[in-house]
Structures are given as C-alpha cells and as structure tokens.
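The structure's right below; bear with me while I get my questions together.
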Amino acid sequence: MSTFTVERSLPNRISRLNDLAYNLWWSWHQNASWLFQHLDKTLWELTHHNPVKFLQQVSPAKLEAAAADPVFLRHYDGIMMAFDKCLEGKDSWFAQTYPDMAGRTIAYFSAEFGLHISLPIYSGGLGILAGDHCKEASDIGLPLVGVGFVYPQGYFKQSITSDGRQEPIYERFDYNAAPMECVISRETEGGLLDLHLNGNVIYAAVWRVRLGLVSLYLMDTDVEENEPWDRELSARLYGGDQETRIRQEMVLGIGGVRLLDRLGIRPAVFHANEGHAAFLMLERIRSMVQGGMSFSDAVEKVRSTTVFTTHTPVPAGHDAFPFHLVEKHFHNFWGSMGLDREQFLALGEYPDPHGGVNFNMTALALRLSGHRNGVSKLHGRVSRLMWHSMWPEQTVDEVPITHVTNGVHTPTWIAPEMDKLFAKYLGHDWLDKHDDPTLWTRIDEIPDAELWNIRVHLKSRLLNFMRERARRDWIAEGADSTQVLTAGTLLDPNALTIGFARRFATYKRAMLVLSNLVRLKNIMHDEWRPVQIVFAGKAHPADAPGRSLISEIYQLARDNDIGGRIAFVEDYDIHVAKYLVRGVDVWLNNPRPPLEASGTSGQKAALNGVPHLSILDGWWYEGYQGTNGWAIAPDIPEDADDDLRDQADRDELYRVLEEEVVPLYFERDSDGVPRGWVKLIKEAIRTAGPVFSARRMVKEYASRMYVEAMKNAR
Ligand SMILES: *Cc1c(COP(=O)(O)O)cnc(C)c1O
C-alpha cells in the first residue's frame, strides 16, 4: 500500500484536469473523456482509459499545446462548468423533491462495485448494479455514501487456453494509478482504522473514490500491521474459505459502520446490498446498546432505518455459516449486544438445504431490516415464497418483501452514437429527463435508415474490437490459429449476430442454444440469411461445472463445421460488455426460471436498440410487451421437471429464431433497410428507456424506502 497519490503538475489554465481524473464523473460524460482523448489518443488507449495513469504519462508539450488551444479550452471550460454544477447538487431532483430531507445521508454497503475497468472491485451483475446505483444517486442529488472493499488482486482476468481451459490471472493492483485517494492510513491523523474484532485487531487503510457528488469508501486490510492471514482478507473478491468469508463480512459490515463513525459521517439510513453486509445491523445494535438503549429498542431503531435488497433465488447464492464458526468469531460480541449465545444465534438461524441449521446472512438481514425488497416483480414474488417460513403467521402475499426492479445507468451504457441520435430527435437534454415516458414517444421521429445505419456501425465496432484483441493476443502471446478463430476473426458483418454474455452459472444454461447442433447449424449456415453467436463470460474459479461449460463452447467454436460462426470473447468485464450490448443484433437470455432475479445486460442492450430474446424471467417477465422483443415461452406446466423444461425451451428458442427473428431481420426494402426490424428496435428502446433505467430505480428506492427510513431516523 502506498499512501500518497501521484498528482501531476499541470499548466495552470488546465490544472483541474487532475480533479476530473480523480472523479469518475468523467466516465459517464462523453464530452469529458473527449478531453483526455484529445490530448493524446494513443496514450489514452494504452493507459486503458485511466485518466490518472494517463496524466502521469502524457507529455508536457501536449499539455502546453492544449493549454493554448482555444478549441480545447472552450471544451474544457464547458466540462468544468457542468462538473461544478453536479458537485453543487443544488437543483437536483432530490433537493427539489424532498427539501426537508437535506443533510440526511444514506450509507450503501456492498461487497462489490462495478464502476470502471480501472477499478477491479467487481465480479458481475451485483457489482455493476451497485456501481450504477451510486452513479445515479449522484445524478439525482441523493446524499449517498458507498462502503466496500478495495481488492488488491481484484477479481481475476480470464484467459482461455487453446484447449478451452479457463485460466484465472490475478494481477496486483497499481494503487498509484488508480482513481482513488487514501483517506485513512498509518500516516493520517489517528492512524489506520483499527477494528477490534473478537479480541484481535485487524487494521485497515481506507480509500475514497469520487463518483460525482457521491463518495465511495473502500477498506483495505493488506497493510503491514496485519497478520498475513488478515492481510489476505481483502486480497480477492469471493476468494478463500468459509472462515475467510465470515471475517471478510465482519470487516465489511462491522468495520464499515465504524469507518463511517471515524470519518464523522452519521448516516440516517443504511442500505445492505445483498446479505454480505448484514453484520452492519449487528454493529449498529451493539453500539446503541452500549449507549444505553435496550436491545429491543435498538432492534426497532435499526429496522426502521435499514433497507435490505436480496438478489437471488438460487439457494447457494445466500451465505450461510456453521454455528461453530459464528461462535468462534462472535463470542466476545453478543454480550455487548445484551444477548446470550442462543439469542444471538437465533438472529441468523435458518434451515440448511442439506439438513440442520446455519447462520444465514439473508435471514439475519430480513429479521433486522424494516424495508426489504427483491429486484424484479417476479423475484419479489419468488422471494416472498422462498422466505415464507420466516413469517409463518402471514400468507405468502403478506410476507413483507416488496420489489424494486433493477435498472441500468443510462449515461454509462448508451453508445455515444445513440446518444447523439437521441440528442438530435428527442432533444439535446434527453438525458436529463430520460425516465419520462412521454419523451420516448418521439422515437418514431427518427428516420429508419438513420437508426439502422448506426446499428450497422455499432456492429462493425464490435467486430473490429474483437479482431484487434485477437491481433494483440497473437502478437503478445503467440496465440495459435484456433485461438484466433475462436476470438471471432471470421465473423461476418452481414450475419444476424446473437450475443450471450454472462457469468457461467449452470442455471443460466449457456449450452441451451447449442444443444441441437444439427438444427443450429442449419440456422447459422443459411446462405442468404446467415446467423452467428458471440459468447462471453467468466466462471468462478471454484465452479467446475461452470468452467466445463466454457470448454464445451470453446471446443465447438473451433470446430471446422461451425466455420467461425461461434466466437468467444475472453475476459468479460465492463469494457467488453459495452461493446457487446451495443454491437450485437439480438441479446439472448435463457435461464431456468425463476432463477434469474433480474438480469440487467438485456436492459443495456435494449436501450441501444438490441432487442431481447429471452425466457419470461427476471426483468423480462414485466418488460416483454409482445412487440418489443421475443419471449421464449413454451406451453408447459409450471412444475415441469428440468429435463422437460430444457427440451421445451430449446425447441421454442429454435422455433422463434427460425420463424420470427431471422425472417424479420433479413426482410429488407429496396434501400436495404429492414423496416419491420427497425420498428421493433424502436419499440425496444421506447419501452426500456424510461423504465429499466437506474434513474427510475433509484428514485423508487428514494420515494418508497429511503425517505420513509429518513423520517424514522429523526
Ligand atoms: C451488466 C453486466 C452483468 C450483469 O448481466 P446479467 O444480465 O445480470 O447477467 C455482468 N457482468 C458485466 C460485465 C456486466 O456489464
């Protein structure tokens, strides 16, 4: 750990580029990234769009030239004005809608945050959602601070060998080149954060990432003062055994609360994003009891000011610890909450699917939070059913778990070309009011050919990106010919291109579309109406079935019979996701229902005019309207077994492709524009744009949960 940030001295006139580099606000404002790009385009690419690293390396001559260039300066001044306006937060939606709530802070705890490739502190959907939530909070002026971890080895980078094995690569994170500042270290006043947890002391440094108005505080236990095993606690996201995991979660939940206290931040509301952070509720109760409150009053207080979001109906997705482990790490803790062993363990007690009982983090969070939600309409219902046993007196419908459907941060996910198009036809301020459905009715004013040309262009950008990666790997690692093939170098810009990118968990059924190869090959190799598929995604290193799915797909992709029509893009991350969700023609999702809680990649795609072809699960259960994409909905009983369902879904998927998707895509009029397809694209955009956005989502959290909880904090 280094405790200083390396700031470059810049010409006075443009010295605030440093502020911009250390605030990820730039990353969701296209014009702001233009400033860096314009200074030195090659270096901008070489530093992987990391402005901190970029400013450390850019040549003084280029900086001097920019400081004297009127065009650059005009842009610079415009950006800085917008940046300052954001930081003031004065005319924001929240300030105007809830003037009485000024000064009340929400603390948002999450084990991962997906913000930008320069910060490898996320693994997938949960992290991206947390990142989008924080960015949107800044955009609407919600007073929120984030709490999480910096993982010195991040989540892994994925490399795939020529025989299809996923190799995880853990790179050490370069603190000096990261867009974050140290706020607590051995050199700051008061020294490192010292967490007395069960008789031991764990030390943590704390870093701050700025996201517009919002600050995100990240704890890091990789400091010399710690024992080697404690240094490892924040080494990797979701690494280690159960013991590492419980200690990690103690640092996140308990340490996070103490961290805010140390910084002098007194949140009115705490939001636990997933059960990982649920120990925060115990720590709050403990500190209230220590302050003289009774246990039951403290519980009431905590409940009324805590929001908890559960994110998955997959049982294995809920952390549960054996009692002996909890006992080992909390036996000095429950006394200070005013509890004995039994009372304490009862807070998290929940049946284990394999028999016996465990200390379940979701059960704990459900008991100690008063505002609980799932992440889509269907997932809300599934969650009420799943946790019904905790409210045995209530009917399933009365179980107090509601839903707030996930959405995506529009400025982050919109392609620059689409942004310009919307600015032209929906109004230059379209982003300011993108959650207003009436805005989107004007989508019909966009000429079909203009929209279609952009779609074609975005596909060519994806294919170029894939070829460029293949070329780079070829040079750097001497990739063999099969790897160049599987990387997608033979993809055809005229073929209907299906995208399938997500974590390789078995319930997501990546193999479904590949499960009748004869039929699929017929579809793909049609001479006049060719189809191709691009896959991407990581499997958790400990997930053997997930890894073998990757090998299977990889083996197929290199098969001569497939002829390069299946490609696999390595190392799916935010950057790759941006190319994929903007660049393919159709976004495919075929989980085994109802296990996809929401899914958000399809929302990113729809926003960019890439319609969704999906099982009616997660967000699509409420998003599908008949004319804005396709549903894979075979007529089978709801309780059909897995084999029957897989078969029926597969056949229906092929049928929809053959009879609906492919014909519509290739039906062109005399000027080559697929009118019917463009009509469908417009419907996809019009229906997804206002509703499945983080703006709608965060406003909903605010008006239905945060504000109520803020009132309770008085
Ligand atoms: C959006 C996103 C996800 C989540 O997508 P799902 O549809 O929920 O699977 C995962 N990883 C990355 C990199 C993403 O951008």
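Quick test for you: out of F173, F156, pick the one residue that is on the phi < 0 side of the Ramachandran plot, surrounded by fewer than 24 Cβ atoms within 10 Å (Cβ to Cβ) and within 16 Å of the ligand (Cβ to nearest atom). Explain how you work it out, then say what you get.
Working: F173 fails: within 16 Å of the ligand (Cβ to nearest atom).
Selected residue: F156, the only one of F173, F156 that is on the phi < 0 side of the Ramachandran plot, surrounded by fewer than 24 Cβ atoms within 10 Å (Cβ to Cβ) and within 16 Å of the ligand (Cβ to nearest atom).
Would you be able to tell me the number of residues in the range 221-244 that are open to solvent by less than 50 Å² (accessible area, probe 1.4 Å), closer than 27 Å to F323 by Cα and within 25 Å of the chain's Cα centre (by Cα)?
Within the range 221-244, the subset open to solvent by less than 50 Å² (accessible area, probe 1.4 Å) is 221-223, 226, 230, 233-235, 237-239, 244.
Adding the requirement that they be closer than 27 Å to F323 by Cα leaves 221, 226, 230, 233-235, 237-239, 244.
Checking the rest, the ones that are also within 25 Å of the chain's Cα centre (by Cα) come to 221, 233-235, 237-239, 244.
Selection size over the range 221-244: 8.
Sort out which residues of the range 268-320 are of a type in the set (K, R) and either modelled with pLDDT under 95 or in the same structural domain as G618 (by TED's automatic domain parsing) (or both), and write them in order of number.
Our first condition is that a residue be of a type in the set (K, R); within the range 268-320, this holds for 284, 286, 301, 303.
Passing the criteria: none in range.
Please indicate, with yes or no, whether at least one residue in the range 546-558 is touching a helix residue (DSSP H, G or I) at 6+ places or on another chain (Cβ under 6 Å) and surrounded by fewer than 18 Cβ atoms within 10 Å (Cβ to Cβ).
no
Within the range 113-126, is there a residue that is open to solvent by 20 Å² or more (accessible area, probe 1.4 Å), modelled with pLDDT under 95, polar (S, T, N, Q) and in the same structural domain as T305 (by TED's automatic domain parsing)?
Taking every residue of the range 113-126 in turn, at least one turns out to be open to solvent by 20 Å² or more (accessible area, probe 1.4 Å), modelled with pLDDT under 95, polar (S, T, N, Q) and in the same structural domain as T305 (by TED's automatic domain parsing).
Just to check your reading of the model, which residue among K682, K711 is touching a residue at least 40 places away in the same chain (Cβ under 8 Å) and assigned to a helix (DSSP H, G or I)?
On the way: K711 fails: touching a residue at least 40 places away in the same chain (Cβ under 8 Å).
Unique residue meeting the criteria: K682.
Among (1) surrounded by 14 or more Cβ atoms within 10 Å (Cβ to Cβ); (2) on the phi > 0 side of the Ramachandran plot, where does T687 come up short?
(2)
When you look at R381, is it more than 30 Å from S159 (Cβ to Cβ) and either surrounded by 14 or more Cβ atoms within 10 Å (Cβ to Cβ) or not assigned by TED's automatic domain parsing to the domain that holds S598 (or both), yes or no? Steps first, please.
Details: more than 30 Å from S159 (Cβ to Cβ): yes; either surrounded by 14 or more Cβ atoms within 10 Å (Cβ to Cβ) or not assigned by TED's automatic domain parsing to the domain that holds S598 (or both): yes.
Answer is yes for this residue.
Same structure, new question: For the range 212-231, give me each residue that is in a loop (DSSP other than H, G, I, E, B) and not hydrophobic (A, V, I, L, M, F, W, C). Spell out how you get there, then give the answer.
Of all residues in the range 212-231, those in a loop (DSSP other than H, G, I, E, B) come to 212-213, 221-227.
Correct list: G212, T221, D222, E224, E225, N226, E227.
Restricting to the range 508-532, give me the number of residues that are over 20 Å from D573 (Cβ atoms) and buried (at least 18 other Cβ atoms within 10 Å of the Cβ). Spell out how you get there, then give the answer.
Initial filter on the range 508-532 (over 20 Å from D573 (Cβ atoms)): 509, 511-532.
Applying the additional criterion that residues be buried (at least 18 other Cβ atoms within 10 Å of the Cβ) yields 509, 512-514, 520, 523-524, 530-532.
Residues in the range 508-532 being over 20 Å from D573 (Cβ atoms) and buried (at least 18 other Cβ atoms within 10 Å of the Cβ): 10 in total.
Go through the range 498-523 and report how many residues are within 12 Å of the ligand (Cβ to nearest atom) and part of a loop (DSSP other than H, G, I, E, B). So that I can check it myself, show each step before the final result.
Filtering the range 498-523 down to residues within 12 Å of the ligand (Cβ to nearest atom) leaves 499-505, 507-508, 510.
Filter once more, so that each one left must be part of a loop (DSSP other than H, G, I, E, B): 502-505, 510.
Summing the residues that are within 12 Å of the ligand (Cβ to nearest atom) and part of a loop (DSSP other than H, G, I, E, B) in the range 498-523 gives 5.
If W619 passes every condition in (1) surrounded by 24 or more Cβ atoms within 10 Å (Cβ to Cβ); (2) over 15 Å from A684 (Cβ atoms) but one, which one does it miss?
Here W619 clears every test but (2).
For residues that are basic (K, R) and modelled with pLDDT of 95 or more, tally how many sit in the range 459-475. Even if it seems obvious, please write down each step before you answer.
Just the residues of the range 459-475 that are basic (K, R), to begin with: 459, 461, 467, 469, 471-472.
If we keep only those that are modelled with pLDDT of 95 or more too, we end up with 459, 461.
Result for the range 459-475: 2.
Of the residues P634, P611, which is over 21 Å from the mean Cα position of the chain (by Cα), open to solvent by less than 40 Å² (accessible area, probe 1.4 Å), modelled with pLDDT of 95 or more and not hydroxyl-bearing (S, T, Y)?
Values: P611 fails: over 21 Å from the mean Cα position of the chain (by Cα).
Answer to the selection: P634.
Does D100 satisfy being more than 16 Å from the ligand (Cβ to nearest atom) and either at pLDDT 95 or above or buried (at least 23 other Cβ atoms within 10 Å of the Cβ) (or both)?
When the stated conditions are applied, D100 passes them.
Hey, V661 hits all of (1) surrounded by 17 or more Cβ atoms within 10 Å (Cβ to Cβ); (2) under 24 Å from the mean Cα position of the chain (by Cα) but one; which does it fall short on?
V661 satisfies every listed condition except (2).
Under the condition of being more than 19 Å from P530 (Cα to Cα) and assigned to a loop (DSSP other than H, G, I, E, B), which residue from the range 478-497 is least open to solvent (accessible area, probe 1.4 Å)?
Step one: filter the range 478-497 for residues more than 19 Å from P530 (Cα to Cα), giving 478-484.
Then keep just the ones that are assigned to a loop (DSSP other than H, G, I, E, B); that gives 478-480.
Working: G478: 56, A479: 20, D480: 59 Å².
That would be A479.
Across the range 426-448, which residue is nearest to W28 (Cα to Cα) among those that are of a type outside the set (V, I, T), in a helix (DSSP H, G or I) and open to solvent by less than 40 Å² (accessible area, probe 1.4 Å)?
Step one: filter the range 426-448 for residues of a type outside the set (V, I, T), giving 426-437, 439-440, 442, 444-445, 447-448.
Imposing the further condition that a residue be in a helix (DSSP H, G or I) reduces the set to 426, 430-433, 437, 439-440, 442, 444-445, 448.
When the remaining residues are screened for being open to solvent by less than 40 Å² (accessible area, probe 1.4 Å), the result is 426, 430, 439-440, 448.
Working: L426: 19, W430: 15, L439: 21, W440: 21, D448: 27 Å.
The qualifying residue nearest to W28 (Cα to Cα) is W430.
Filter the range 16-57 down to the residues that are in contact (Cβ under 8 Å) with a residue 40 or more places away in the chain and more than 16 Å from A178 (Cα to Cα), then identify the one that is surrounded by the fewest Cβ atoms within 10 Å (Cβ to Cβ).
N31
In this structure, is L55 out of contact with any Asp or Glu (no Cβ under 9 Å at 6 or more places or on another chain) and at pLDDT 95 or above? Show your work before the answer.
Details: out of contact with any Asp or Glu (no Cβ under 9 Å at 6 or more places or on another chain): no; at pLDDT 95 or above: yes.
Judged against the criteria, L55 is not a match.
Of the residues E45, E64, which single one is outside the structural domain of C182 (by TED's automatic domain parsing), charged (D, E, K, R), at pLDDT 95 or above and over 30 Å from R231 (Cβ atoms)? Quick ask: steps written out before the conclusion?
Working: E45 fails: at pLDDT 95 or above.
Among E45, E64, only E64 is outside the structural domain of C182 (by TED's automatic domain parsing), charged (D, E, K, R), at pLDDT 95 or above and over 30 Å from R231 (Cβ atoms).
The values are calculated or read from the model by the stated rules, or taken from the named source; none is laboratory data. No experiment lies behind these values; they were computed from the predicted model shown. Cβ coordinates were reconstructed from backbone atoms using ideal geometry, including for glycine residues, and neighbour counts include every protein chain displayed. Just the protein is used for accessible areas: all its heavy atoms, side chains included, with ligands, DNA and RNA removed. Shrake-Rupley method; radii C 1.70, N 1.55, O 1.52, S 1.80 Å.
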